[in-house]
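Step one of this worksheet: look at the structure below.
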């Protein structure tokens with residue numbers, strides 16, 4: 001996982017942000033029994049950014065929650081969720 005400073009930049013008015021590239025691919029024969037299954041990779045932007053692979057969407061969600069929580073902790077939680085205010089929580093797979 002990246003550190004609080006990796007893949008980040010200064011947003012408007014000094015807000016922190018993270019940029020992730022999420023790839024979703026359907027692999028034939030990867031599921032049970034021999035059914036297609038989704039596979040996911042997440043990579044933060046920036047030089048030397050690590051790539052993380054997942055086979056379950058819930059694991060992708062947990063990874064993103066942990067990454068964003070670490071940003072909020074590093075910045076003291078001020079303005080950490082400004083961009084998500086007003087949006088409802090969506091249930092994912």
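Details
- All positions within the stretch 60-69 that are surrounded by fewer than 16 Cβ atoms within 10 Å (Cβ to Cβ) and touching a residue at least 12 places away in the same chain (Cβ under 8 Å): 61, 64, 66
- Looking across the stretch 32-43, the residues that are farther than 22 Å from residue 17 by Cα, out of contact with any helix residue (DSSP H, G or I) (no Cβ under 8 Å at 6 or more places or on another chain) and assigned to a strand (DSSP E or B) come down to 37, 39.
- Exactly one residue among 29, 46 is part of a loop (DSSP other than H, G, I, E, B), exposed (fewer than 13 other Cβ atoms within 10 Å of the Cβ) and either out of contact with any strand residue (DSSP E or B) (no Cβ under 6 Å at 6 or more places or on another chain) or at pLDDT below 85 (or both), and that residue is 29.
- Tabulated pairs, the stretch 33-45, first on the phi < 0 side of the Ramachandran plot and in contact (Cβ under 8 Å) with a residue 24 or more places away in the chain, second outside any loop (DSSP other than H, G, I, E, B) and exposed (fewer than 13 other Cβ atoms within 10 Å of the Cβ), C-beta under 8 angstrom, 6+ apart or interchain: 44/21; 45/21
- Residue check, residue 72 at pLDDT below 90, surrounded by 14 or more Cβ atoms within 10 Å (Cβ to Cβ) and part of a helix (DSSP H, G or I): yes
- Residue match in the stretch 75-92 (condition: at pLDDT 80 or above, touching a strand residue (DSSP E or B) at 6+ places or on another chain (Cβ under 8 Å) and assigned to a strand (DSSP E or B)): no
- Yes/no for residue 37 being at pLDDT 90 or above and surrounded by 11 or more Cβ atoms within 10 Å (Cβ to Cβ): yes
The values are calculated or read from the model by the stated rules, or taken from the named source; none is laboratory data. This one's a predicted model, so the numbers in the text were calculated from it and none came from an experiment. We place every Cβ from the backbone using ideal geometry, glycine too, and count neighbours over all the protein chains shown.
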